[in-house]
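Chemist: One structure coming up, written as structure tokens, with questions to follow.
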Amino acid sequence: MEFSFDVDALLPERITVLDQHLRPPARRPGTTTPARVDLQQQIMTIVDELGKASAKAQHLPAPITSASRMQSNRHVMYVLKDTSARPAGKGAIIGFLKVGYKKLFVLDDREAHNEVEPLCILDFYIHESLQRHGHGRELFHYMLQKERVEPHQLAIDRPSQKLLKFLNKHYNLETTVPQVNNFVIFEGFFAHQHRPPAPSLRASRHSRAAVVDPTPAAPARKLPPKRAEGDIKPYSSSDREFLKVAVEPPWPLNRAPRRATPPVHPPPRSSSLGNSPERGPLRPFVPEQELLRSLRLCPPHPTARLLLATDPGGSPAQRRRTSSLPRSDESRY
């Protein structure tokens with residue numbers, strides 16, 4: 001991949017390592033040093049163009065490698081330069097490899113979840129015209145030595161079929177551990193990971209004995225059958241018989257005249273469940289004048305006679321003096 005600026009002067013080494021700062025590498029002694037801002041801008045251009053070429057080769061809708069993504073993440077990018085080809089004396093780029101550490105939840109061969117943070121292969125691209133020339137293996141081997149990891153310890157983010165064949169051909173990575181995410185890990189990934197201990201032989205023997213134990217269990221207690229629920233009754237029979245009896249009001253309220261004829265229409269009944277019990281009709285209140293007349297005709301109580309006998313004002317002489325007054329004077333009081 002060629003650019004308009006001098007790639008050979010910008011990247012002095014065959015493989016250049018770029019971090020999130022995208023700083024230009026150290027210059028060779030005796031070479032001119034252009035402005036620092038221009039060098040960083042050229043590196044950002046290389047990163048953007050390589051990301052677009054990789055997305056196009058993998059048929060991705062958008063690039064997953066760009067200068068802005070590099071600056072916002074702690075990823076490392078290995079760029080491989082072609083030292084033999086010098087078109088117009090500017091050099092060319094063969095490909096790149098981007099890696100980074102990510103915290104993942106992966107499944108092991110026993111389908112147990114494990115939280116790990118391995119080194120992940122995030123993007124890998126070699127120019128189409130320079131593939132099958134050993135450039136990919138050279139770049140990948142340099143990354144393994146630089147990061148000090150083994151191929152089976154890597155996690156690959158959505159690898160293509162070409163990358164899977166590459167790993168199988170050069171590093172014998174064939175058997176994968178199925179995952180629920182987009183990352184692919186190979187057999188041996190958990191070789192140095194902490195795994196829970198297997199159950200002891202004694203525990204498994206006890207569990208096996210519990211399964212085949214012929215001793216019958218204690219019979220379960222039988223509960224009495226549940227009584228069927230009958231119709232819901234609003235009142236008991238005794239309540240209904242008691243309420244049907246009309247209660248006689250006390251004297252002298254019971255002296256009110258009764259109705260000669262029953263009412264034409266019976267009193268309405270309640271529409272609730274079971275209907276309310278019938279009650280006797282209440283008698284009207286006695287007028288005040290009739291109540292006073294009844295009290296005057298009532299004979300005196302023995303207690304009242306005793307009070308009159310002990311009252312000084314109630315002596316026979318006073319009663320005679322009171323009764324000897326003329327009728328006209330008696331009416332004044």
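Chemist: Is the stretch 18-28 home to any residue that is modelled with pLDDT of 90 or more, open to solvent by less than 10 Å² (accessible area, probe 1.4 Å) and out of contact with any strand residue (DSSP E or B) (no Cβ under 8 Å at 6 or more places or on another chain)?
Modeler: Yes, because at least one residue in the stretch 18-28 is modelled with pLDDT of 90 or more, open to solvent by less than 10 Å² (accessible area, probe 1.4 Å) and out of contact with any strand residue (DSSP E or B) (no Cβ under 8 Å at 6 or more places or on another chain).
Chemist: Are any residues in the stretch 96-108 surrounded by 12 or more Cβ atoms within 10 Å (Cβ to Cβ) and within 30 Å of the chain's Cα centre (by Cα), and if so, which ones?
Modeler: Scanning the stretch 96-108 gives K102, L104, F105, V106, L107, D108.
Chemist: Kindly list, by first and then second residue, each pair from a residue in the stretch 134-152 that is over 17 Å from D82 (Cα atoms) to a residue that is open to solvent by 40 Å² or more (accessible area, probe 1.4 Å) and among the hydroxyl-bearing types (S, T, Y), limited to pairs with Cβ atoms under 7 Å and residues at least 6 apart or on different chains.
Modeler: Partner pairs satisfying both residue conditions: P151/Y171.
Chemist: Now for a different question. Name the residues in the stretch 157-185 that are under 15 Å from D123 (Cα atoms) and more than 32 Å from the chain's Cα centre (by Cα), would you?
Modeler: The answer is P159, S160, Q161, K162, L163, L164, F166, L167.
Chemist: Can you work out which of the residues in the stretch 154-171 that are among the polar types (S, T, N, Q) and part of a helix (DSSP H, G or I) is surrounded by the most Cβ atoms within 10 Å (Cβ to Cβ)?
Modeler: Filtering first and then ranking leaves N168.
Chemist: Go through the stretch 51-78 and report how many residues are farther than 22 Å from A155 by Cβ and either β-branched (V, I, T) or open to solvent by less than 10 Å² (accessible area, probe 1.4 Å) (or both).
Modeler: Residues that pass the stated criteria total 1.
Chemist: Give the number of residues within the stretch 123-144 that are under 17 Å from D19 (Cα atoms) and either at pLDDT below 95 or in a strand (DSSP E or B) (or both).
Modeler: So the count comes out to 2.
The values are calculated or read from the model by the stated rules, or taken from the named source; none is laboratory data. A quick note: this is a predicted structure, and the numbers were derived from the prediction, not measured. As a convention, Cβ positions derive from the backbone with ideal geometry for all residues, glycine included, and neighbour counts pool all protein chains shown. Quick note on the areas: whole protein, heavy atoms, side chains included, nothing else; ligands and nucleic acids left out. Shrake-Rupley method; radii C 1.70, N 1.55, O 1.52, S 1.80 Å.
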